[in-house]
1. Taking the criterion of being hydroxyl-bearing (Ser, Thr, Tyr), on the phi < 0 side of the Ramachandran plot and in contact with a strand residue (DSSP E or B) (Cβ under 7 Å, 6 or more places away or on another chain), would at least one residue in the range 402-420 satisfy it?
2. Can you tell me which residue is nearest to Thr499 (Cα to Cα) among those in the range 421-431 that are touching a strand residue (DSSP E or B) at 6+ places or on another chain (Cβ under 9 Å) and open to solvent by 50 Å² or more (accessible area, probe 1.4 Å)?
3. Name every residue in the range 529-579 that is open to solvent by 70 Å² or more (accessible area, probe 1.4 Å) and not hydrophobic (A, V, I, L, M, F, W, C), in order of residue number.
4. Do we find that Arg337 is assigned to a strand (DSSP E or B), out of contact with any Gly (no Cβ under 6 Å at 6 or more places or on another chain) and open to solvent by 40 Å² or more (accessible area, probe 1.4 Å) in this structure?
5. Residues being among the polar types (S, T, N, Q) and within 22 Å of the chain's Cα centre (by Cα): count how many of those fall in the range 404-417.
6. Of the residues that sit in the range 432-456 and are among the charged types (D, E, K, R) and surrounded by fewer than 20 Cβ atoms within 10 Å (Cβ to Cβ), which one is nearest to the chain's Cα centre (by Cα)?
7. Counting only residues that are modelled with pLDDT of 95 or more and outside any strand (DSSP E or B), how many does the range 235-274 have?
Amino acid sequence: MKYSLWGLAALSLPLPALVTPAQASDSVADNTVLTPMVVTANRMPQSVNDTLESVTVISREDIDRLQPESLGDLLAGRAGIEVTANGGQGSVTSLFMRGTESDHVLVLINGIRQNQLQSGGFRWELINPAMIERVEIVRGPQSSAWGADALGGVINIITRQGAEGSQVQYSRGRYDSWKLEANTSAGNEQTQLNLAASREETDGFNAQGADVSGERDGFEQTSLNLGLDHRFNQQLKGHLSILHTDNKGDYDALYTDEDDVYYEQDSTQIASHLDIQLNSHWMVRLLAGQTDTESRDYTTAERPDPVRTRRQEYGIQHLFQDQDYSATLGIDYRLDRLLETEGFERDRRENYGAYAQMRYYLTHDWALSSGIRFDDDEFFGHHTTGHIGTQWQFTPTQSVGASVAQGFRAPSFQELYKPAWGGNPDLDPEESVNYEAYWQWAPDDTQQLRLTAFRNDIDDLIGTDSQFNYYNVGEARIDGVELQARQQWDPWLLNLATTWQDAEDRDTGERLLKRADLFARLDLDYRWQQASVGATVRSSGDRDDFGGAHMGGYTTYDLRASWTLNDRWVLRGKLENLSDKTYETAKGYNIRGRYWEASVALRF
């Protein structure tokens, strides 16, 4: 089914406002951190404490304090999130949100989707935390706002922006690891520019447990980021961001005995938008983005042909805001193309979408939220999703809420149109319905306690038969409870996340693979004058894997410290997996043992 962009644009013309804005949070003392804003939930700016959705925001300040080795380390163990890795730095990494599959999470970089065209997953291991300004995590189906693939949730990675100043940091660590990172920002009231670059190399360790050759699986990465904001006048503001990564990683493949197996992947993500403030209550945003990838897998001595893909996105979004409501209406268009690859019967795909989201305050204490989205996909036709929820603040510090939301995942190119891999063009989308309720205590911007219960029913799960052909076969039910706590009392900062879940394959009655029933993360930091120390504890229960394999539970301990010598020099250090725990997150693959790293940073 085909539509013109002009026809879709008509759907985004102003409608009678039905929606709600987030209420402004109370002011706090100057030495406290204000409650962060989030834009990924419902595609509207809201305070974290005002969202119906279960949300986590990780700031640049958090990243600097935690000193994560990878994006997977930064996210692992947070509420609803489990991360697995097939080895060390640069190895294949998967993320499971609220017990859903690893390709059930929509990943955005600066609001532009990044899930791979061929498989539908995302290469978590290829994003360097040094390039990140903020990460917004929204748990639960978000297809009514973002469309396909947001069945388990959405993670939006916002690249470096921000304040004036420059920094260069050099790090050395175990496994002959080193990193050089640089970041500079400058600007005035009209224009702000940020440039960031990093280079890292590690010799790594032997990723596969059964491999006794002694070879090491190393990783190399170069990352470059540009962020540019310019205000043309009071009504017009533009933004441009460009992220480029160049990666090379060794890995142990189960399908070959070769030791010298490695991959190369380059990617460039471009995101831009132009904000037009029509009046104090109405803004229009024009969006455009493009993602290019080129990859090669070296499993033989011959140089393989590259796999090249391109995704282009365009959109028009209207945002309305007043004292009692906020709303957004918009349309978007996406074109996916396999530019250079083999074995696929189709090499391009179009999707048109139109959406409307609203939030309305019936009274000062009672809010309603709803949304609907229509998608027309060139491969499987149209799909409509929605959500509805309500929130009641029954005391000045406590609120409760409940919601129902739908999600879906579109089959990938590989699942549909690659016969050699069991492609099936008759596949239907995977669908879900999520029921959720929560209680929250948030007396101010330094304290938050949230308890969320959810049930996600998923139908038409895509699996494979004995001949590895794809077909719609499975059903799953995932019940869970999440506890999130944040407490800041100078000089202490505590963040706690605990998740209990029952992720069941309803066809077999068995637990879904690689999911634990219980996992948790604790981050505790103490700052004294110019020094700070911190610790992270991650714990996970046992899990099952393919072929009847079983993996035991584990607990790891990480330590970190920093010391600001003066206005220019900062020393940092960390010790991860303090007890040198041996464990697996993917059966047959080693995880890094005790790891140390020391860094020196120069600010100017």
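1. Looking for residues that are hydroxyl-bearing (Ser, Thr, Tyr), on the phi < 0 side of the Ramachandran plot and in contact with a strand residue (DSSP E or B) (Cβ under 7 Å, 6 or more places away or on another chain), one finds at least one in the range 402-420, hence yes.
2. To start, the set of residues in the range 421-431 that are touching a strand residue (DSSP E or B) at 6+ places or on another chain (Cβ under 9 Å) comprises 421-424, 426-431.
Those still in the list that are open to solvent by 50 Å² or more (accessible area, probe 1.4 Å) too: 421, 426, 428, 431.
On the way: Trp421: 35, Asp426: 36, Asp428: 31, Glu431: 23 Å.
Selected residue: Glu431.
3. Gln529, Gln530, Gly547, Gly548, His550, Tyr557, Asn566, Asp567, Arg568
4. Yes, satisfied.
5. Qualifying residue count, the range 404-417: 2.
6. Arg455
7. So the count comes out to 1.
Here is a yes/no grid of residues against (1) open to solvent by less than 30 Å² (accessible area, probe 1.4 Å); (2) part of a strand (DSSP E or B); (3) in contact with an Asp or Glu (Cβ under 7 Å, 6 or more places away or on another chain):
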{"position": "Asp297", "(1), (2), (3)": "no, yes, no"}
{"position": "Arg303", "(1), (2), (3)": "no, no, no"}
{"position": "Arg310", "(1), (2), (3)": "no, yes, yes"}
{"position": "Met358", "(1), (2), (3)": "no, yes, no"}
{"position": "Leu368", "(1), (2), (3)": "no, yes, no"}
{"position": "Ile372", "(1), (2), (3)": "no, yes, no"}
{"position": "Thr384", "(1), (2), (3)": "no, yes, no"}
{"position": "Ile388", "(1), (2), (3)": "no, yes, no"}
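The values are calculated or read from the model by the stated rules, or taken from the named source; none is laboratory data. These numbers come from a predicted model, not from an experiment. Cβ: placed from backbone, ideal geometry, glycine included. Neighbour counts: every protein chain shown. Only protein heavy atoms, including side chains, enter the accessible area calculation; ligands, DNA and RNA are left aside. Shrake-Rupley method; radii C 1.70, N 1.55, O 1.52, S 1.80 Å.
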